[in-house]
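One structure is given below, encoded as structure tokens.
Just so you know, all these numbers are worked out from the coordinates, no wet-lab data involved. Keep in mind that this is a model prediction, so the values were computed, not measured. All Cβ positions, glycine included, derive from the backbone under ideal geometry; neighbour counts span all protein chains shown.
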Amino acid sequence: MKKIVYTKYGSPDVIELIETEKPLLRDTQVLVKVHAASVNILDWYHLTGPPVIRLTNGTLSKPKETSLGLDVAGRVEAVGDRVTQFQPGDEVFGIAKGSFAEYACADEHELVLKPANVSFEAAAATPVAALTALQALQGRIQPGQKVLINGASGGVGTFAVQIAKSFETVVTAVCSTRNLDIASSIGADYVIDYTREALTTNGQRYDLIVAVNGYNSIFDYCRVLSPTGIYVSAGGKLAQIIQAALVGPILSKIGRQQLSFMGIAQVKQKDLSVIGELLESGKVVPVIDRCYPLKATSEALQSLGAGRAKGKIIITMRLDDDNSQGANSL
């Protein structure tokens, strides 16, 4: 089978497309014939190797894990002896390490059935980004409340806007001028162009703020939160992450606002099932920036690293070189 690997840290130019054997299947795993995968910021970090990644992935100079890809959508090829939920031929989506390949193994609890009315590309776009958005929102808001999503046009942000709307909240999306139409098309009630308007100038207060991106300080967010509001940082620049992780708990103790940093999304099968239901109902429609064939994975990663993507970038197992652009379609 064909598979993307990297044996040293660096730019997308260091990745290789190799021929290798299908992965060995453990008793609790499912072997998936991959139809599509999608690119996440975690793939970029694993490839480029910032210090924290190097310390957790082998040595400072060489990665121990050489595969890339987490999101997956495809058909079940085989199942382990202890697998009870799936059988060969089932169409599934979820998390499978090393999904930038023609075949990948996933633990049974990290997959769910793909809705029949959802394409493999759309299903592959959802797992990591939609799980992050769902877990940042669920349990924190009620219908009718005001929600602000900063970084609303990216992978996590486009899901956060739509999932927040599915909870019947009033959503304000923050993005740049070129992405205003996308934010409106996925259901945002109000849109703030951060290149022209600061968050703190419109006099609005929000019950929940999810910051996926942006340069605002935690004190800016405090000023636009309601007195008992909740702020969750689910990404952004290093300074914003440090503030949320270190300063947020201190401010939460001395006031009534709750401020926190959310780490990597947890792979929960029940949450994947919720996402599948949202996809099937049409309440969530993945925004797909562009699809690349497997052998153009380097270009896909370069596009992600440059910050040009609107929504998700997809890797497909087709062999042609033609990049196809799409948006808001299943």
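What the Kirkwood sum gives for segment 230-310 is a hydrodynamic radius of 16.1 Å, with every pair of different alpha carbons counted. Taking each DSSP H run with n ≥ 4 as -39500 (n - 2.57) and averaging over every residue of the chain yields -7500 deg cm²/dmol at 222 nm. Helix 127-137 axis versus longest C-alpha principal axis of the chain: approximately 20°, rounded to the nearest ten. Simple point charges give the picture: +1 on the Cβ of Lys and Arg, -1 on the Cβ of Asp and Glu, and for the chain a dipole about the Cα centre of about 960 debye. The protection proxy used here, the mean number of other Cβ atoms lying within 10 Å of each residue, ranks peptides 278-290, 178-190, 43-55, 13-25 as follows, highest first: 278-290, 178-190, 43-55, 13-25. How far is helix 269-281 tilted off the main Cα axis of the chain, in degrees rounded to 10, range 0 to 90? The angle comes out at about 80 degrees.
With a threshold of 20 Å on the Cα-Cα distance, the over-threshold entries among Lys2/Lys295; Lys22/Lys62; Lys64/Lys268 are Lys22/Lys62; Lys64/Lys268.
Computed over segment 129-261, relative contact order equals 21 percent, with contacts defined as Cα pairs under 8 Å that lie 6+ residues apart. Can you tell me what share of the DSSP beta bridges in the chain is antiparallel? A percent to the nearest 5 is fine. Within the chain, antiparallel bridges account for around 55 percent of the total.
Each Lys and Arg contributes +1 and each Asp and Glu -1, all at the Cβ; summed about the Cα centre of segment 129-261, the dipole is approximately 300 debye. Dipole orientation for segment 129-261: of the candidates Leu180, Ile230, Pro143, Ile230 has the Cα lying most toward the positive pole (charges on Cβ; Lys, Arg +1; Asp, Glu -1).
When each of the peptides 151-159, 242-250, 199-207, 97-105 is scored by the mean number of other C-beta atoms lying within 10 Å of its residues, the order from highest to lowest reads 151-159, 97-105, 242-250, 199-207. DSSP beta bridges fully contained in segment 129-261 are about 0 percent antiparallel.
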